[in-house]
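The values are calculated or read from the model by the stated rules, or taken from the named source; none is laboratory data. Everything quoted here is computed from the prediction, not taken from an experiment. We place every Cβ from the backbone using ideal geometry, glycine too, and count neighbours over all the protein chains shown. Heads up: the accessible areas ignore ligands, DNA and RNA and are worked out on the full protein's heavy atoms, side chains in. Shrake-Rupley method; radii C 1.70, N 1.55, O 1.52, S 1.80 Å.
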Amino acid sequence: MSQSISKFIIACLLMVLCGLTLGSCSQPVVASNRNMPTTTVQTASPLFATTMPATPSPFATSISLIISPSIQTPSPTELITINPTQTVFPSKHYILNISGHKQYFAIGCEASAAVDWAAYFGVHINEFNFQYEMPLSDNPDYGFVGDVKGPWGQVPPYAYGVYAGPVATALQKHGLPAKGTKAFTIDQIKSEIAKNHPVIAWVIGNVVGGVPSLYTDAEGRKTIVAAYEHVVIVTGYNDKSIRYMTNGKFFETPTEVFENSWNVLENMVVYYSK
């Protein structure tokens, strides 16, 4: 009987000891060695943590890569990015020391505007001579179309006028750095005006709407034409309107009205290219 009791007591003691051992395995292991690696993630905000966990997971690494740029101190060039091609000009500007005159020929507006433009830059040209210095063609991109004394409002191959290219070439022969082009922008015009460079622009009538049409000349070359083709000299602008001169008189019109007329002949201009 005493042996049975002794065995029972020993068995109970073994169970108690085993239970304590199993219970201790379920508790966190606390490192007593100060040289063991530790982690700052538990005590620091992820945005400002500078020490990664001893054994970081892929997720923790990806978060670090995403967040780290946002806490770097950007340089001034990163704070403000300037496009080197961006056109910068004041909100308004007017050229005041320019004057003009009434055109001599019925459809000689290009020659009239060209000699006024040249005079502004100090080069004086005889309008009659300038008109006949330009080549003749059935395509306005290559020369004057028709008789300069003909009626206004027609389209090629009838009496019409001439475009920017031949006008610029004739001005260059008088020593002016003139350049003729299409597809100019309203910002480019404003930039030129801000430099005190008036711009010759191709419009319809006294800056009214028009209907463009595709014209093919005798050699198969194509260009856009429109009835009542005309040129004006742009001399100023503000945030709402464009000022221009035609036949020696000044007008001001809303920017969108000017663009509507100017767009008909593909935003064509002659400008001072120096």
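Please list, ordered by chain and number, the residues whose modelled amide H lies under 5 Å from the amide H of S241; skip anything fewer than 5 residues away on the same chain.
Answer set, sorted by chain and number: T255.
Check D147: other-chain or 5+ apart residues with amide H under 5 Å from its amide H, H built from backbone geometry?
Here the answer is A159, Y160, since their amide H atoms fall under 5 Å of that of D147.
Of E252, E229, which has the most accessible area with a 1.4 Å probe, and how do the rest follow in descending order?
E252, E229
Using the Karplus curve 6.51 cos²θ - 1.76 cosθ + 1.60 with θ = phi - 60°, what ³J(HN,Hα) values do you get for each residue of the range 140-145, in whole Hz, with x for Gly and Pro?
Running phi through 6.51 cos²θ - 1.76 cosθ + 1.60 with θ = phi - 60° gives x, 6, 10, x, 6, 9 Hz.
Roughly how many Å² is the accessible area per residue of the range 98-256, as a whole number, for a 1.4 Å probe?
Accessible surface, normalised per residue, equals 43 Å².
Label point 7 Å out from N263 along Cα-to-Cβ: which residues of the range 172-199 have amide N under 15 Å?
Within reach of a label on N263, which here means backbone N under 15 Å from a point 7 Å along Cα→Cβ, the range 172-199 contributes 183-187.
For the range 218-232, what does the Karplus curve 6.51 cos²θ - 1.76 cosθ + 1.60, with θ = phi - 60°, yield as ³J(HN,Hα) per residue in whole Hz, taken in order and with x for Gly and Pro?
4, 9, x, 7, 10, 7, 8, 10, 7, 5, 6, 3, 8, 10, 10
Which of the aspartates and glutamates could a cross-linker bridge to K92, judged by Cα under 15 Å and excluding same-chain residues fewer than eight apart?
The qualifying aspartates and glutamates are D187, E192, D239, E252.
Classify the range 203-274 as rounded, prolate or oblate, taking a ≥ b ≥ c as the square roots of the eigenvalues of its Cα gyration tensor: rounded when a/c is under 1.5, otherwise prolate if a/b is larger than b/c and oblate if not.
Verdict is prolate for the range 203-274.
For the pairs K149/K274; K102/K182; K149/K190; K173/K240, flag any whose C-alpha to C-alpha distance is greater than 31 Å.
In this structure, K149/K274; K149/K190; K173/K240 exceed 31 Å between Cα atoms.
Kindly state, to the nearest 0.05, the FRET efficiency for E252 paired with S273, given R0 = 25 Å and r defined as their beta-carbon distance. Don't skip to the answer; put the middle values down first.
Numbers: r = 26 Å, r/R0 = 1.05.
So the FRET efficiency works out to roughly 0.45.
Please sort 193-201, 127-135, 110-118 by packing, taking for each peptide the average over its residues of neighbouring beta carbons within 10 angstrom, highest first. It would help to have the intermediate numbers written out before the result.
Details: 193-201: 20.8, 127-135: 16.0, 110-118: 25.4.
The packing order, highest mean first, is 110-118, 193-201, 127-135.
Cα gyration tensor of the range 115-210, axes a ≥ b ≥ c as square roots of the eigenvalues: rounded (a/c below 1.5), prolate (a/b > b/c) or oblate?
Details: a/c = 1.91, a/b = 1.25, b/c = 1.53.
Verdict is oblate for the range 115-210.
Okay, which of the range 192-219 sit inside 18 Å, backbone N to the point 7 Å along the Cα-Cβ direction of E133?
200
Carbon and sulfur together cover what percent of the accessible area of the range 176-274 at a 1.4 Å probe radius? Walk me through the numbers before you get to the answer.
Values: 2050 of 4130 Å².
The C+S portion of the solvent-accessible surface of the range 176-274 is 50 percent.
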